[in-house]
Amino acid sequence: MNRNVKHFIVLIFFLIASIIGGALIFFQESTLPKSDAIIRLRISAPAEIFIDKDKNVHLSAQNNTDLYNLLGYMHATEHLAKMDLFLRAANGTLSEVFGAEYIDIDILSRTIGFSNIASDFITRIDPGVFRILNDYCNGINSYIDQNTFQLPRKFKIRRYSPSHWKPEDCLAVQRLLAWALSDQLIKKVTFYKLLEIYDLEKIQDGFPSINNLPPNTFPVYNTQFFSDLNYLVDSHMRLLNLLDITAEDLENSWVLSADHIIDKVPAMGGDLPGFLNDYHEIVELAAPDMSISGLTIPGIPFVLFGYNSCIAWNLTIRPADNLELFLNPVSDNSGQYRINNQWSDFAIKQEHIAVRNMPDTTITVRKTIFGPVINPFSENTQSPFAVSVYWKGFQFSDDLKSYLHLYSATSWENFKEAVSLHIIPAAEVDYLDINGNIGTAQYVSDLEIPKNSLRLPTLSRLYEPNYIIPVHHLFRNLNPQSGYIRHHRILSNFSQDSLMYSDILKNNSQLSFRDILVYNTDRQAELLLPLIFEILSINDLSNPVHRQAFNILSQWNCNVYDLSPALSIFNTFLKMLSEQIYKDEMDLTDPRLFLQFEQLSDESFLNTLYLMQQGESSWFDDIRTTDIIERRKAIVLAAFTRTIDFLIKQYSPNISQWTPENVLDKNQIDRTSFLLTPTPFPAIYKSSVRLNRTHRLGSEHTIVYHNSQMQSFNRCALIQEGSQIITVLPE
């Protein structure tokens, strides 16, 4: 072989090896060290990290300061990229690293002011909470500083460095989640639009589950605010999509007495919100004066679902009606707004937004006494009003202090005192103690509306029957006669409660732990399908594939994970049915209205269900046909045939191909459930169902089940079972 050719081949191999080696180095990511490793942190005394066989983390330190430092380091090791995303979303700095396509979200975050809220609150929170946040942030920052060249590849691909954390950043993320986990903004805007276009009677006819509509005496503004409200809601929805938060992300949870469990052990648990499937850690925090186990969210260093030596708790998000949209007349020069029959100056702040690879931009945020103004205006404005957002989250509350109280609580009375500190968001917090007592406390933080204030005509608790003044603690319940407490996402807005209370107990039968963890019934299907089968029969269908699909649906047991095409058929049908009823008229009102209405999955389903139950309605009109009115059966038939035709066209004429893995979005399948037992040996059981690719290069998917368990800290037991042990020494 020619010598030059040999040299050329060697050079090629060298270049290929260099490229591969460089890529491996570039994409190398830091993880927690292997067993028997030693790391050094800014702590005061030696500590240990145990990672058990189920990948649960046990942190042991000689004082609380070091313990929270370890927690911050561990969270950053596993979740830094997503933590940075949440922090940038809260601080309005996404455009700085991701470019101009995220500027709408930054403007929303700067306008609502999550970071400004946090900066105000950080000087007022409990000193103990501040110390925890500070120690936790030190741990995060230690990880960032020690791994400058081994950060997650997302930072390398985007060519930016993660932000260092400050205590107020944790508060900003907490307020961001409080905002994101409420559907109030979309709900208010959706029903304001409907009320502007249709009279009260038509709204009551089309939305029978709604019982807090304003009186018909409200002024009509002739859609003049639609454009600004759409911009606000669109930005809000983009924020939710970025964080992977949906309307379904309100937990289903429960607590059962020992009488309902085969093993005669009380238990609590529930389903995690979908966005937490990959964004949580089960940890144990062990120090001389503290022993806490449970679930944590990276960015917030407190156990939201867990137990101490005496009680267990589980926080379930239940957004209260704590947001209103206020109107204030604006002066001719737009420098003042009218409130209480006098003119007041806007509070004005300039917000500078850095934009990657583009010129920076500056926005002006105006505020009234209620909150930030969301409609832009100038001296040439055509709008005589400033529209401002009034949200309970703008008011100071030391919510995180409640966890300090829970950590040391030993009784129901201690628990109630701790829960009373929850303000944002509203929460239902379940209780379970070592004596087998169960309970729940719900705190709803309503707004106090100033008299003579002008608001957009929309849904409000002020219009609910018998509502007089803002309600705070709706109920506290200890040891109910039924022996169980059940919170379900779609129960919260139902007025016909007797239709809804079907639960995991199934005729009060005793359950095993496995029964509870794998309870997968689709509640919406259980409620709607019997009605559909009364309205529609197989004889109404002539197409063979339609008939086959109908048979599959009628034989379905409503179990989400039986891998049946029935789930795909039902989910698609539910969407088509809602569209068939509402979309045509809503599109006439505003092309974005139905999309916004769909985001309110509870309202969409509940009103569809009630409307079908009532028989006929003017909302069954189909303006796309020449018929004067489409009856209920025609609506159902059209929705069902459209469903099957869509699945045939989109996927396959072979129904066996319509399995959930192939048809449904992963967010409709991924599910993580928890079960906690405080006696006789405290333990947390976790069961997850995930939609995963069968191999990296293929498009095939499979549903994967995983179960794990974490018991209370026992150093000898952890060593015996072969846990990974990492020693942490002071720098």
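The table that follows gives values for the structure above.
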| quantity | calculated |
| --- | --- |
| Failed item, numbered, when residue 435 is tested on (1) modelled with pLDDT of 80 or more; (2) surrounded by 14 or more Cβ atoms within 10 Å (Cβ to Cβ) | (2) |
| Residue among 278, 263, 271, 259 that is under 30 Å from residue 666 (Cα atoms) and surrounded by fewer than 18 Cβ atoms within 10 Å (Cβ to Cβ) | 278 |
| Helices (runs of 4 or more DSSP H) wholly inside region 78-165 containing at least 2 residues that are under 29 Å from residue 407 (Cβ atoms) and touching a Cys at 6+ places or on another chain (Cβ under 9 Å) | 127-146 |
| Residue within region 428-443 that is assigned to a loop (DSSP other than H, G, I, E, B) and under 24 Å from the mean Cα position of the chain (by Cα) present | no |
| Verdict on residue 329 being farther than 17 Å from residue 112 by Cα and assigned to a loop (DSSP other than H, G, I, E, B) | no |
| Residue list for region 85-114, filter: within 20 Å of the chain's Cα centre (by Cα) and of a type in the set (Val, Ile, Thr) | 105, 112 |
| Condition broken by residue 453, with the remaining ones in (1) among the small types (Gly, Ala, Ser); (2) over 30 Å from residue 217 (Cα atoms); (3) over 25 Å from the mean Cα position of the chain (by Cα) satisfied | (2) |
| Check on residue 444, among the β-branched types (Val, Ile, Thr) and closer than 22 Å to residue 309 by Cα | no |
| Residue, farthest from residue 229 (Cα to Cα), within region 357-379, restricted to residues that are surrounded by fewer than 16 Cβ atoms within 10 Å (Cβ to Cβ) and not β-branched (Val, Ile, Thr) | 357 |
| Search result, residues across region 538-565 that are in a loop (DSSP other than H, G, I, E, B), over 23 Å from residue 688 (Cα atoms) and of a type in the set (Gly, Ala, Ser) | 542 |
| Subset of region 171-199 (residues that are at pLDDT 85 or above and acidic (Asp, Glu)) | 196 |
| Subset of region 212-223 (residues that are farther than 22 Å from residue 583 by Cα and either surrounded by fewer than 16 Cβ atoms within 10 Å (Cβ to Cβ) or among the aromatic types (Phe, Trp, Tyr) (or both)) | 215, 216, 217, 218, 219, 220, 221 |
| Out of 140, 132, 144, sole residue that is of a type outside the set (Ser, Thr, Tyr), over 21 Å from residue 424 (Cβ atoms), touching a residue at least 40 places away in the same chain (Cβ under 8 Å) and in contact with a Pro (Cβ under 7 Å, 6 or more places away or on another chain) | 144 |
| Test: residue in region 525-537 that is part of a helix (DSSP H, G or I), at pLDDT 85 or above, in contact with a Pro (Cβ under 8 Å, 6 or more places away or on another chain) and farther than 30 Å from residue 191 by Cα | no |
| Pairs with Cβ under 7 Å, 6+ apart, first in region 181-196 and in contact (Cβ under 8 Å) with a residue 12 or more places away in the chain, second charged (D, E, K, R) | 181/249; 184/321; 187/603; 193/590 |
| Those residues of region 415-427 which are of a type outside the set (Gly, Ala, Ser), surrounded by 17 or more Cβ atoms within 10 Å (Cβ to Cβ) and at pLDDT 90 or above, in sequence order | 415, 416 |
| Residue check for residue 202: farther than 18 Å from residue 322 by Cα, part of a helix (DSSP H, G or I) and at pLDDT below 90 | yes |
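The values are calculated or read from the model by the stated rules, or taken from the named source; none is laboratory data. Every value quoted in this text rests on a predicted model; they were computed, and no experiment measured them. Virtual Cβ from ideal backbone geometry, glycine too; neighbours counted across all protein chains shown.
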